[in-house]
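This report refers to the structure that appears directly beneath it.
The values are calculated or read from the model by the stated rules, or taken from the named source; none is laboratory data. Note that the structure is predicted; figures quoted are calculated from it, not measured. Note that we place each Cβ from the backbone using ideal geometry, even for glycine, and neighbour counts take in every protein chain shown. These area figures cover heavy atoms from the full protein model, side chains too; ligands, DNA and RNA do not enter into them. Shrake-Rupley method; radii C 1.70, N 1.55, O 1.52, S 1.80 Å.
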Amino acid sequence: MSNGRSRRSVEGLKSRLTTSGSATEKGIIPLNPQDPPLILPLTVIAGDQTESAPPPAPVGAMSVGELRDSHHRVIRDLRLSITDRCNYRCTYCMDPDFRYMPKKELLSLEEYLTLARVCVSLGVEKIRITGGEPTMYPQLNEVIEYLGSLPLRDLALTTNGSLLDKKPLRRWHAAGLKRITLSLDSLQPDRVKAITRTNTGPETVIRAIEIAREAGFDPIKVNAVIMRNVNEDEIADFADFAREHDIDMRFIEFMPLDSSRTWDRSKVVTADEMLEKISTRHELVPLDQSDPHSTSLNYTFADGAPGRIGIIAPVTRVFCGACSRLRITADGKVRPCLFSHKEWDIRPVLRSGGSDEDIAAFLRDATWTKQKGHGISEAGFVQPERTMSAIGG
Ligand code: SF4
């Protein structure tokens, strides 16, 4: 560990981690986010190939301090999943009877922090903390405080917002968390219940927007996954919502990462359709789209109203060519691409006392294997076994 403070805090953490452990570590799933939990048996993820060590990248393929793939893309953005636990069961992500991974399969706090620190030493500038639902992770404060101490350009958290009112948002903001991204797939209470399979509603996210803004987070992004015949009739209403709450409302094309494996292309509402639906009510002005690594097409309202619109179109406006993302799952799998069928298990290196250089070499080799793109539109596309909740988005 680099500085005395993190060494002391990790030591303190280690001693705390070996005590009884919180409810979430026992694979417990509440139906109402505030309700006491139920206990369920466990299963494993089958299908995708998990290998212990990636083949070595060619000598000289990349300089020591960087992560580069064989398509000459440099990794600058880490998506770090710190739990597979979630208090929602969104229809496009998790089945009602989803089984969590056994606790011993998941990385320890120190392992997450070590991986993040080594990634930063390899050129990563942005980290997004994901899950499952990261606010269910008992040591989230420690994660944010440690990552906030690293030389990052950006540190963000993706959450469904349902537990934010119980979290120390001002402490997170002071520690270096820069952005909070929420998710809301409908403005209709019954539909929110149906999509998330919980008894929450739009008011849960509206409350989360308010308390996040009070704590200093601005702008606030809200993501909605748009699915045909489910919620595409609300797109213009969501644009009104963005204006009313002065937020970045981002619409995401439905991707084949659902555990019910019911995705097919006919269920995708395309970026063009989304823009057309918004323009029936509001004229949009494109914002600077010059960042090749951005996944979002961004717009403001021509009439100068508050709020912005973002369209994330991985299916119809593929952005793989400039992809700068790497993912590490809660159970220590390095996934070079969201749609990887191969993932590399870094736990043996971590749990056999591997040095920073051993970890760095593993990450370099794994990154080199990154596939060119998701291939969703290609003949023979096969949906990965691992679902979004077990990848982290
Ligand atoms: S699908 Fe893979 S290559 Fe494409 S943008 Fe996502 S992570 Fe990058």
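Some notes on this structure:
- Looking only at residues of the stretch 303-318 that are open to solvent by 50 Å² or more (accessible area, probe 1.4 Å) and not acidic (Asp, Glu), we find that the one that is farthest from the ligand (Cβ to nearest atom) is GLY304.
- Filter result (open to solvent by 20 Å² or more (accessible area, probe 1.4 Å) and closer than 19 Å to LEU350 by Cβ) within the stretch 121-149: SER121, TYR137, GLN139, GLU142
- Residue within the stretch 368-390 that is open to solvent by less than 50 Å² (accessible area, probe 1.4 Å), at pLDDT 95 or above, under 20 Å from the mean Cα position of the chain (by Cα) and away from the ligand (no atom under 12 Å from the Cβ) present: no
- Residue check, GLY176 open to solvent by 10 Å² or more (accessible area, probe 1.4 Å) and under 20 Å from the mean Cα position of the chain (by Cα): yes
- Residues that are modelled with pLDDT of 90 or more, open to solvent by 30 Å² or more (accessible area, probe 1.4 Å) and touching a strand residue (DSSP E or B) at 6+ places or on another chain (Cβ under 6 Å), drawn from the stretch 43-73: ARG68
- Here the condition is being within 16 Å of the ligand (Cβ to nearest atom), over 20 Å from ASP264 (Cα atoms), modelled with pLDDT under 90 and open to solvent by less than 50 Å² (accessible area, probe 1.4 Å); of SER324, SER294, it holds for SER294 alone.
- Considering residues of the stretch 339-364 that are within 16 Å of the ligand (Cβ to nearest atom) and open to solvent by less than 20 Å² (accessible area, probe 1.4 Å) only, the residue farthest from GLY392 (Cα to Cα): LEU363
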